[in-house]
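The block underneath contains the structure these notes are about, expressed in structure tokens.
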Amino acid sequence: MREIERIIEAANAAYREFAATDPDREVRDVVRNAVRFLTVDLTTAVEFAATVSGPVSGRVMGRVA
């Protein structure tokens, strides 16, 4: 699912831009963790979609988009 890969790439790029602004360590860590959790959740969604039989277009985590 290329769309999800693009979301992950965009989130990581946005985090790098954010981190380059030298934010407070606590805020930076919270944002970094949020991006990590997002990446894991989206990766899991892609893996789940790959196991669903039939077309997976518009289906993520059992919901129809």
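The values are calculated or read from the model by the stated rules, or taken from the named source; none is laboratory data. This structure is a prediction, so every number in the text was calculated from the model and none was measured. Glycine gets a Cβ as well: all are built from the backbone with ideal geometry, and neighbour counts include every protein chain shown. Heads up: the accessible areas ignore ligands, DNA and RNA and are worked out on the full protein's heavy atoms, side chains in. Shrake-Rupley method; radii C 1.70, N 1.55, O 1.52, S 1.80 Å.
Couplings 3J(HN,Hα) of the range 5-21, computed from phi: 4, 5, 5, 4, 4, 5, 5, 5, 5, 5, 5, 4, 4, 4, 5, 5, 7 Hz, in residue order, whole Hz [Karplus 6.51 cos²θ - 1.76 cosθ + 1.60, θ = phi - 60°; x for Gly and Pro]. Using a probe of 1.4 Å, the accessible surface attributed to Asp22 totals some 130 Å² when neighbouring protein chains are kept in position. Extension gain for the segment Phe18 to Arg2, taken as residue separation times 0.36 nm less the Cα-Cα distance, is 3.3 nm to one decimal. With both labels modelled 7 Å from their Cα along Cα-to-Cβ, the Glu9 to Glu26 distance reads 3.6 nm. Scalar couplings 3J(HN,Hα) for the range 31-38, obtained by applying the Karplus form with A = 6.51, B = -1.76, C = 1.60 to θ = phi - 60°, are 5, 4, 5, 4, 5, 4, 5, 4 Hz; x denotes Gly and Pro. Backbone geometry of the range 41-52 corresponds, through the Karplus equation with coefficients 6.51, -1.76 and 1.60 at θ = phi - 60°, to 3J(HN,Hα) couplings of 4, 5, 5, 5, 4, 5, 4, 5, 4, 5, 8, 6 Hz, x marking Gly and Pro.
Taking Thr39, Thr51 and ordering them by how much accessible surface each has at a 1.4 Å probe, largest first, produces Thr51, Thr39.
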